[in-house]
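Have a look at the structure below before the remarks.
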Amino acid sequence: MGRPLRSSQAAKEEINPVEGLSALSLDALTSVAYGPQALLVALGAGGLVALRLAPWISLAIVVLLCLLVASYLQVIVAYPGGGGAYAVARANLGSRLSLLAGAALIVDYTLTVAVSIAAGVASLTSAFVGLYPYTVPICLVTLALITYLNLRGLAEGAKAFLLPTIGFIAAVLVVIVVGLVHPFAPHLHQFGSAQVAGHALQAVGVLLILQAFSAGCSALTGVEAIANGVPLFRKPRVRTARQTEVMLGVLLAVMLLGLAVLVQKFHVEPRTGNAVLNQIVAYSIGRGWLFDAVSVLVTLALALAANTSFGGLPVLASLLAGDNRLPHAFAIRGDRLVFGYGIWVLAVLAGVLLVATAGNTNSLIPLFAIGVFTGFTLAQAGLVRHWLSTRAHGWRWRMSLNAIGATASGVSTLIFVLTKFREGAWVVVIAMPLLILLFVRIHTYYGKVGAQLHLGDRPAKPKRARSIVVVPFTDVSRLTREALSQALSMGDEVHAVTVVFAEGGARQKAVEQEWERWDPGVELVVLRSQYHSVARPLLRYISSLKPSAARRVIVLIPVVLPRHFWHRALHNHLDRVLSAALSRRHNVVVARLTLPLSDE
């Protein structure tokens, strides 16, 4: 995915506050495109009267946003190693709740990728209707592009997404200012049928308000990503990450409140095939070339918002792997200094979701907020315990703030589960315990492996064991000579073994005569086979040598290595067959000796 980077070049892959907005905050910023939409769709069930509550519910969401930003500013300081809710819960709430936090964040990150890309493509097909039949292919191509950029390095992806991020923020702010001061088309006729109940209710039920609040809170996803990815920032990392978190909080609050006021001013209502943000943009600046430009910017930013998860999940997965909760491969940095396994797994899971839901945002949003708000709740509850334990300067007001935030986000989580369960939230409710079970089983396995390998204990002195080297060959050649030369330097006893079939008496005689003339000083073993199988008689012969800890058998397989890969199919692959067959045999070592070929 690019030229390998030295460890000394890691600083070049770290990001500054502005790049942090594109790398880790674009998800939260672009959620203004679907958060207000989800809120209005939920309120639409109560008729036109219920839509009047949208600004007040938006204000409540912004208050919760402020609590969350304040909380994660403290998480960044207290746990600069990254991991967010998982790190906080692990340190303060015990392993069980930390696993719940880890599972919740993995679910949230995966859904973030799917929802962001689906929302971006939905915005594109809303502005350019002819592209609608190609929704899923466009989603997958976008996912592939984001995955590729992240495999090349976080900084490279952040720089590539920086311009669309700044363009999106500027476009939304311009739309808000123009809409508030002097809209271009305040009475524009909007297309699409209204998604509002046909009758106006005299009273709006509490359940409807709670449903709308839970739907609108999807605009808060991504607030935690900066705290999860603190190690990705430039030094001083804590201050840089906090600056990015504050910038995110201010921008997101301004955009949410501004759009909420415009929803009320223009009497915006949810309509089929016409996104709420598109309606506001059309009222503010009209449906001309400027509208098309903003639509493209919104689409691009929404699709690229998936980058937030590609910055956060690999870091989280590396921490889980370090705790023996995920395969250790997730903790390995690749040549481009990124956690490649985490990126690949996230891309595959998101791709499956996009195909399964046909890229439909409405099918994904009900699943969306439960995971992230579970993480919010655990992070803030963990901080309450943290302040009680440390009693650092100002601990009382910090603990009170986190307690309020934990209560608010905990109640919100319960609301999400209750109001969205039938709409698909049950999938998340099932997925998180399954992930926790996976963490536990992996941890148990690594514990057993560690016990058998005596990890942490001083091992006994190494013992020298006898080695028998078996060299399978077909013809006497330079390849056979090279293999036997290597075998003689590896073991105390070397056997050259060849297999002849029942009808191959002439070949057996020819090989024996040629071996006698050559006289390499190595015993020749000819195995006769009643079947046309080379592997079976070799395996039986190796078993007859009775490998043990004191007398190991090394099978050295000579292999030619063609100069061009398309020539490899012209050679047999005995090494692969034997390696697979011997992989579970005790005290048997399988090795390959390659002889490169030239074009001459």
Among Cys139, Pro433, Ile370, whose Cα sits farthest toward the positive end of the charge dipole of the range 7-448 (+1 at Cβ of Lys/Arg, -1 at Cβ of Asp/Glu, about the Cα centre)?
Pro433
Here are some values of Rg/Rh (Cα atoms, Kirkwood Rh): (i) 0.97; (ii) 1.16; (iii) 1.14. Which one was computed from this structure?
(iii)
Exactly which chymotrypsin sites (Phe, Trp or Tyr not before Pro) in the range 265-331 are in a DSSP loop and have at most 10 other Cβ atoms within 10 Å?
none
Vicinal HN-Hα couplings computed from phi for the range 101-110 (Karplus, 6.51 cos²θ - 1.76 cosθ + 1.60; Hz; Gly/Pro x)
4, x, 5, 4, 5, 5, 4, 4, 4, 5
Collect residues whose amide H, placed 1.01 Å from N in the peptide plane, falls under 5 Å from the amide H of Ile468; neighbours closer than 5 in sequence don't count.
Arg552, Val553, Ile554
With unit charges on the beta carbons (Lys and Arg positive, Asp and Glu negative) and the dipole taken about the Cα centre of the range 466-596, which residue among His532, Val499, Ser489 sits farthest to the positive side?
His532
Signed unit charges on C-beta, dipole axis of the chain, positive-most listed residue Gly322, Val206, Ser412:
Gly322
Of the peptides 398-410, 74-86, how do they stack up when ordered by the mean number of other Cβ atoms within 10 Å, highest first?
74-86, 398-410
Once amide H atoms are built 1.01 Å from N in the peptide plane, which residues 5 or more positions from Leu527, or in another chain, come under 5 Å H to H?
Thr498, Val499, Val500
Could you work out the relative contact order of the chain? I mean the mean sequence separation of Cα pairs under 8 Å and 6+ apart, divided by the number of residues, in percent.
21 percent
Could you give the dipole magnitude of the chain about its Cα centre, charging the beta-carbon of Lys and Arg +1 and that of Asp and Glu -1, in debye to the nearest 20?
1620 debye
Percent of alpha carbon pairs in the range 466-596 separated by more than 23 Å?
32 percent
For the range 466-596, with only Lys/Arg (+1) and Asp/Glu (-1) charged at the beta-carbon, what is the dipole magnitude about the Cα centre, in debye rounded to 20?
560 debye
In whole Hz, the Karplus estimates of ³J(HN,Hα) for the range 60-77 (6.51, -1.76, 1.60; θ = phi - 60°; x where Gly or Pro) are 5, 5, 5, 4, 5, 4, 4, 4, 5, 4, 4, 5, 6, 4, 6, 4, 4, 6
Residue-wise HN-Hα coupling along the range 508-523, computed from phi with Karplus coefficients 6.51, -1.76, 1.60 (Hz; x: Gly, Pro)
4, 5, 5, 5, 5, 5, 5, 5, 5, 5, 6, 6, x, x, 10, 5
Any idea how many Lys pairs in the chain come in under 24 angstrom at the alpha carbon, given 8 or more places apart or on separate chains?
5
Cα-centred dipole magnitude for the range 253-333, charges only on beta-carbon of K, R (+1) and D, E (-1), debye, nearest 20:
0 debye
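We did not get these values from a lab; they are worked out from the coordinates using the rules stated. Small disclaimer: the values here were computed from a predicted structure and weren't measured. Virtual Cβ from ideal backbone geometry, glycine too; neighbours counted across all protein chains shown.
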